[in-house]
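The values are calculated or read from the model by the stated rules, or taken from the named source; none is laboratory data. Since this is a predicted model, take the numbers as computed values, not measurements. Here the Cβ is made from the backbone with ideal geometry for all residues, glycine too, and neighbour counts use every protein chain on show. Note: areas computed on protein heavy atoms with side chains; ligands, DNA, RNA excluded. Shrake-Rupley method; radii C 1.70, N 1.55, O 1.52, S 1.80 Å.
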Amino acid sequence: MEYEVVIGMEVHVELKTESKVWCGCPTRFGSPPNTQTCPVCLGLPGSLPVLNRKALEHTINVGLALDCTISSFSKFDRKNYFYPDLPKNYQISQYDKPFACDGKLPILIDGKRRDIRIRRAHLEEDTGKLIHLDDGTSGIDYNRSGVPLLEIVSEPDMRSPEETAEYLTRLKTLLEYLEVSDCNMEEGSMRCEANVSVRKKGEELREYVEIKNVASINGVRRALEFERERQVKLWESGGTLHRETRRWDPENQKTSPMRSKEAAHDYRYFPEPDLVPTVISKKWIEEIRKKLPELPFDRQMRCMSDFRLSEYDSGVLIMDKRIADYYDDCVKLHDNYKGVCNWLTCDIMRYMNANKLSVDEIRISPKMLTGMVRMIDSGKISSKIGKMLVEEMLANGGDPEKIVEEKGWVQISDEGAIDEIIKKVLAKNPEQVEAYRSGKTKVVGWLVGQVMKETKGKANPKIVNQKLMERLTEQ
Ligand code: ZN
Ligand code: MN
């Protein structure tokens, strides 16, 4: 493979604020069209914008978490273009003095850390939304107009669609940890655009293509896979890559041309005269820095070193901050790190996903979960019973110790009692015993199953195996 794909990402996220970035209109999603507007966000003449302090605070927050330099002096600029969803015919954005620049986001690829460089993060306003109706008419909803929007631009550091998906997942998790956006891609509060170019290895970048309108991280990965192949074919056939914007079509799983890409000078940027430059004090930056939570990447590193979890396990745990917090609470109560992680990431998360619940909505608390794991570890119950116990606690709550007593789920570890049951099972199944003795050792598993069935899953499997082998091998 002499070709290499070079990918950079532009991610827009709507910031979680009560009111819009220049006016006091609410930002709620899903309200009836044009019920959250005022002269400012409708771009009426004579109205003036005022910067939302919370939006700026979120921006600095993200900038710091991405290890960026925060500009002490910054300003806004007008980005001019004409489109019906943009009432002023310009978007207030930032051109040459973004609030944050030169950062990085670490990702893990096959256990190795790689830093994706962040070029900049700047604050701007969202546009309205065009709604095309079935009867052929179109309407405009300005509720979204003026919602604070943070644009995060990476350097072209990604070298595969998988790496890009990893970058986006990590970025989304980071933003969720910071609680600056709900990052709901379906509702459009997180939107990804990819710049992608295939080059011959060792050659300079020629032109790149921009892919827009992808509604999921998986969609981005697929669009990039398609685009990589398309561009390789283009080079092979002697074609030329044109700078253009392409749209991802999820139904047909391909990208198609949308328009030729504007250059920066087409936007005729100039300083926004209605807003004063923004001066951010060192003191405020340090206050925000002090309040940063433990970041997901650091948290994963801690899970791997302190709890000896694998890259995969720790990756699953840290994806949702609430689950990571739950796990931390658990391991304070019981130090079977791997055991607790398995129950949490397999049985409990499966239940959460199936029932669309978050970890603070389930009936099983860290104390209950660790109580159960401790019973397995001490041999009081089998892990098979553990599964039933978790199901019972998820459905009805309750104290694990009490449930085990009430249901008579205590594990049978009495060797004599188990031996009696084995004798019964063997007497009932002489063909299987004969099969074993003639070399078909696979029947052991089946026989163990019969003993477990006989004891309703309560027999200690280690003792069952040991006693069964004794009986089978005796003359
Ligand atoms: Zn408004
Ligand atoms: Mn933008």
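Tabulated data
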item	result
Given (1) within 16 Å of ligand 2 (Cβ to nearest atom); (2) in a strand (DSSP E or B), number of the condition VAL62 does not satisfy	(2)
All positions within the stretch 442-474 that are assigned to a loop (DSSP other than H, G, I, E, B) and surrounded by 11 or more Cβ atoms within 10 Å (Cβ to Cβ)	THR455, LYS456, GLY457, LYS458, ASN460
Total residues in the stretch 31-42, condition open to solvent by less than 70 Å² (accessible area, probe 1.4 Å) and either within 16 Å of ligand 2 (Cβ to nearest atom) or in contact (Cβ under 8 Å) with a residue 40 or more places away in the chain (or both)	7
Residue within the stretch 223-234 that is out of contact with any helix residue (DSSP H, G or I) (no Cβ under 6 Å at 6 or more places or on another chain) and within 30 Å of PRO148 (Cα to Cα) present	yes
Top-ranked residue in the stretch 400-416 [being open to solvent by less than 40 Å² (accessible area, probe 1.4 Å) and among the hydrophobic types (A, V, I, L, M, F, W, C); ranked as farthest from GLU470 (Cα to Cα)]	ILE403
Number of positions in the stretch 293-308 that are basic (Lys, Arg) and assigned to a helix (DSSP H, G or I)	2
Where a residue in the stretch 445-463 is without any contact (Cβ under 8 Å) to a residue 40 or more places away in the chain and its partner, wherever it lies, is among the hydroxyl-bearing types (Ser, Thr, Tyr) and part of a loop (DSSP other than H, G, I, E, B), with Cβ under 9 Å and at least six apart	LYS462/SER413
1 or more residues surrounded by 15 or more Cβ atoms within 10 Å (Cβ to Cβ) and away from ligand 2 (no atom under 14 Å from the Cβ): qualifying strands (runs of 3 or more DSSP E) within the stretch 79-137	100-109, 112-125, 129-132
Where LYS332 falls short, out of the listed (1) of a type outside the set (A, V, I, L, M); (2) outside any helix (DSSP H, G or I); (3) open to solvent by 50 Å² or more (accessible area, probe 1.4 Å)	(2)
Within the stretch 306-329, considering residues that are hydroxyl-bearing (Ser, Thr, Tyr) and open to solvent by 10 Å² or more (accessible area, probe 1.4 Å), the one nearest to the chain's Cα centre (by Cα)	TYR312
Given (1) within 16 Å of ligand 1 (Cβ to nearest atom); (2) in a helix (DSSP H, G or I), number of the condition LEU168 does not satisfy	(1)
Pair list, Cβ < 6 Å and 6+ apart or interchain, from the stretch 396-419 residues that are over 17 Å from ARG374 (Cα atoms) to residues that are of a type outside the set (Asp, Glu) and open to solvent by 70 Å² or more (accessible area, probe 1.4 Å)	GLY397/ARG363
Of residues in the stretch 1-58 being of a type in the set (D, E, K, R) and assigned to a strand (DSSP E or B), the one farthest from ligand 1 (Cβ to nearest atom)	GLU4
Test for LEU205: is it open to solvent by less than 20 Å² (accessible area, probe 1.4 Å) and either in contact with a Ser or Thr (Cβ under 7 Å, 6 or more places away or on another chain) or within 16 Å of ligand 1 (Cβ to nearest atom) (or both)	no
Hits in the stretch 458-475 (condition: touching a Phe, Trp or Tyr at 6+ places or on another chain (Cβ under 8 Å) and not charged (D, E, K, R))	LEU472
Checklist (1) of a type in the set (A, V, I, L, M, F, W, C); (2) more than 14 Å from ligand 1 (Cβ to nearest atom); (3) in contact (Cβ under 8 Å) with a residue 12 or more places away in the chain applied to PHE82, failing item	(3)
